1. Going through segment 39-60 one residue at a time, which ones are open to solvent by 20 Å² or more (accessible area, probe 1.4 Å) and within 20 Å of Trp118 (Cα to Cα)?
2. Inside segment 69-87, can you point out the residues that are more than 19 Å from Ala107 (Cα to Cα) and touching a strand residue (DSSP E or B) at 6+ places or on another chain (Cβ under 6 Å)?
3. Which condition breaks for Gly110 when tested against (1) open to solvent by 30 Å² or more (accessible area, probe 1.4 Å); (2) under 17 Å from Ser61 (Cα atoms); (3) at pLDDT 90 or above?
4. Would you pick out the residues in segment 113-155 that are modelled with pLDDT of 90 or more and not in a strand (DSSP E or B)?
5. Could you identify the single residue in Pro160, Pro150 that is open to solvent by 60 Å² or more (accessible area, probe 1.4 Å), farther than 27 Å from Pro68 by Cβ and in contact (Cβ under 8 Å) with a residue 12 or more places away in the chain?
Amino acid sequence: MRKSIKAVVLGSAFALLYTLTASPSLAATVTFQNLDEGFLPGVDRSESQMNYAIARNFVLSASAGNPPSALVGYPAAQGPVPGAPNAPTVFSTFTGRDFTFDGYDIAALGAAAQGDAWLFRGLLGNALQFSFLDTAPQDFATRTTGIGTPIDRLEVWVQPGTSVAFAADNFRFTLEGESAQVPEPAALPLLGLGLGLLVVARLRRRGVAL
């Protein structure tokens, strides 16, 4: 009897501890659906719990995506776009969580040219974690990065020498869980029941009538 009661108590405690410390991941996709005119400095848009900024030579297009609406980057010869800050396009979480960059869709707007590419850079605490180039096809293609390295900022650059505009859409992320959570409603009553059974067992052991 005492062993079973102790098992209930220990199980309840572990359930509560798990609830307090578990860090579930959350998949998120930025589809660039929230379009508007003009630019603001710094982080000026938010979607799927991701804050992001539009920067030099990038615009949001309502007609170039997959489905329509996408991030579009233009060659330096065509820009900068009026009003855009002089910086790369930057994606960042400001929710206290890192993320992994899982994939995206990309296409060239116009005839694809040899050597044209976007540069993707992932950083964690300003330290470079990965960097790669991607040459866009003429039709939208879905990419899967398979990197799995936690980062807190993703930068996308239009490479110097690029001669065609690129459209990118559906940036896919996995956000890391928060460091602590509020206990689930079922966890506290379970722990209370286990502690109560332990008290009853102790009293019976001492010969206290209940």
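1. Arg56, Val59, Leu60
2. Val81
3. In the conditions (1) open to solvent by 30 Å² or more (accessible area, probe 1.4 Å); (2) under 17 Å from Ser61 (Cα atoms); (3) at pLDDT 90 or above, Gly110 misses (3) alone.
4. Correct list: Gly125, Asn126, Phe140, Thr145, Gly146, Ile147, Gly148, Thr149, Pro150, Asp152.
5. Pro160
The values are calculated or read from the model by the stated rules, or taken from the named source; none is laboratory data. As the structure is a prediction and not an experimental result, all values here were calculated from the model. When we count neighbours, we look across all protein chains shown, and the Cβ atoms used for this are built from the backbone with ideal geometry, even at glycine. Note: accessible area is taken over every heavy atom of the protein model, side chains too, but ligands, DNA and RNA are not part of it. Shrake-Rupley method; radii C 1.70, N 1.55, O 1.52, S 1.80 Å.
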